[in-house]
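**Q** Dumping the structure here so I can ask a few things about it.
The values are calculated or read from the model by the stated rules, or taken from the named source; none is laboratory data. If you're wondering where the values come from, they're calculated on a predicted model, not measured in any experiment. We place every Cβ from the backbone using ideal geometry, glycine too, and count neighbours over all the protein chains shown.
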Ligand code: ADP
């Protein structure tokens, strides 16, 4: 294989840049030419790509976001869009592709693989909802960002004897909420995987007050049922009986930014190196992941076959430790 491309697709996260850097420099080390494709599959269709050098990925290892940009491309989900993408790849003599992204992006990669185009996927998603890897690129940095915010909110919550709802990302996955709840010492975690009646949320709050807690931190995933608004309205309506007054902080997109942690840089680098080596060895249709600190290959079809789910033992532990 003499020439490969690399793109970032779907939701972004910290660590995509060190991954791109590793792909480019590993490829160059193997004597390949490397194209950086802008804006994911959209850039593939629009033929927005340029040849990368070792220098073009200089100084990006610690930078959040992605120098290539990322996008969602409804066009690529159509046969016509994919035909155009394939035509552009052939036009540039690109013979293989590394796709960094979430499970949607892995679905896109499957389509290219099915057309006979060599493609290797890498998991990038702060939600950590991708089958075939213990950790996706960006998760660790996002968790650290959330914990930093939780620690700060806790300081002010304790001073004023307040309950705080902190909404974190995760429309379908409670991983970020659950793990930041444990690592940040939250009193309660609300996640999409476990429905929590409003009365139970209120009872937990009241209980925390009775146990003498100076604050009550509730981490709410975006997709939790009930969600931030319903819980806030309910708690505010019952504020008198609860002991705590209630405030809300929605962390939003700060969770996607920032300099990648050492863990994310190393994960992204290991995965990037391995993806290029896999393509070079003639592999296609697989995603490289990290399982039990070993790099693994999982067929893309398996990656997207079912939702990853969450280990509910952690949910139980979070409850025990909140006392
Ligand atoms: P993520 O990769 O973060 O999960 P998306 O689900 O938005 O993000 O997927 C990113 C892009 O992958 C989509 O905009 C689309 O171009 C492509 N994609 C997703 N699903 C498919 C599919 N079934 N077939 C082809 N392309 C797809």
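**Q** Quick test for you: out of 40, 27, 62, pick the one residue that is more than 10 Å from the ligand (Cβ to nearest atom) and touching a strand residue (DSSP E or B) at 6+ places or on another chain (Cβ under 7 Å). Spell out how you get there, then give the answer.
**A** Details: 40 fails: more than 10 Å from the ligand (Cβ to nearest atom); 62 fails: touching a strand residue (DSSP E or B) at 6+ places or on another chain (Cβ under 7 Å).
Within the list 40, 27, 62, the selection yields 27.
**Q** Scan the stretch 123-144 residue by residue and report those that are crowded, with 23+ Cβ neighbours inside 10 Å and in a helix (DSSP H, G or I).
**A** 139, 140, 141, 142, 143
**Q** Something else: Take residue 80 and decide whether it is modelled with pLDDT of 95 or more, within 13 Å of the ligand (Cβ to nearest atom) and in contact with a strand residue (DSSP E or B) (Cβ under 6 Å, 6 or more places away or on another chain).
**A** Values: modelled with pLDDT of 95 or more: yes; within 13 Å of the ligand (Cβ to nearest atom): yes; in contact with a strand residue (DSSP E or B) (Cβ under 6 Å, 6 or more places away or on another chain): no.
Taking the combined requirement at face value, the residue does not satisfy it.
**Q** Does the stretch 308-320 include one or more residues that are under 30 Å from residue 36 (Cβ atoms) and in contact (Cβ under 8 Å) with a residue 12 or more places away in the chain?
**A** Restricting attention to the stretch 308-320, the residues satisfying the condition of being under 30 Å from residue 36 (Cβ atoms) are 308.
Narrowing further to those that are in contact (Cβ under 8 Å) with a residue 12 or more places away in the chain: 308.
There is at least one residue in the stretch 308-320 that is under 30 Å from residue 36 (Cβ atoms) and in contact (Cβ under 8 Å) with a residue 12 or more places away in the chain.
**Q** Another one. Can you confirm whether the stretch 23-30 contains a residue that is outside any helix (DSSP H, G or I) and either in contact (Cβ under 8 Å) with a residue 24 or more places away in the chain or surrounded by fewer than 20 Cβ atoms within 10 Å (Cβ to Cβ) (or both)? Steps first, answer last, please.
**A** Taking the stretch 23-30 first, the residues outside any helix (DSSP H, G or I) are 30.
In the following step, the residues that additionally are either in contact (Cβ under 8 Å) with a residue 24 or more places away in the chain or surrounded by fewer than 20 Cβ atoms within 10 Å (Cβ to Cβ) (or both) were identified as 30.
Scanning the stretch 23-30 turns up at least one residue that is outside any helix (DSSP H, G or I) and either in contact (Cβ under 8 Å) with a residue 24 or more places away in the chain or surrounded by fewer than 20 Cβ atoms within 10 Å (Cβ to Cβ) (or both).
**Q** Can you say whether residue 67 is within 12 Å of the ligand (Cβ to nearest atom) and in a loop (DSSP other than H, G, I, E, B), as far as the supplied structure shows? Don't jump to the end; show me each part of the working.
**A** Numbers: within 12 Å of the ligand (Cβ to nearest atom): no; in a loop (DSSP other than H, G, I, E, B): yes.
Taking the combined requirement at face value, the residue does not satisfy it.
**Q** Another question, if that's okay. Among the listed residues 105, 125, 93, identify the single one that is in the same structural domain as residue 264 (by TED's automatic domain parsing), modelled with pLDDT of 95 or more and more than 14 Å from the ligand (Cβ to nearest atom). Give the derivation first.
**A** Details: 105 fails: more than 14 Å from the ligand (Cβ to nearest atom); 125 fails: more than 14 Å from the ligand (Cβ to nearest atom).
Unique residue meeting the criteria: 93.
**Q** Right, here's the next one. Looking at 170, 104, which is the one that is crowded, with 24+ Cβ neighbours inside 10 Å and closer than 26 Å to residue 305 by Cβ? Before the answer, list the steps.
**A** Working: 104 fails: crowded, with 24+ Cβ neighbours inside 10 Å.
After ruling out the rest, the residue left standing is 170.
Residues checked against (1) part of a loop (DSSP other than H, G, I, E, B); (2) in the same structural domain as residue 180 (by TED's automatic domain parsing); (3) crowded, with 17+ Cβ neighbours inside 10 Å:
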position	(1), (2), (3)
231	no, yes, yes
235	no, yes, yes
240	no, yes, no
246	no, yes, yes
264	no, no, yes
273	no, no, yes
298	no, no, yes
309	yes, no, no
315	no, no, yes
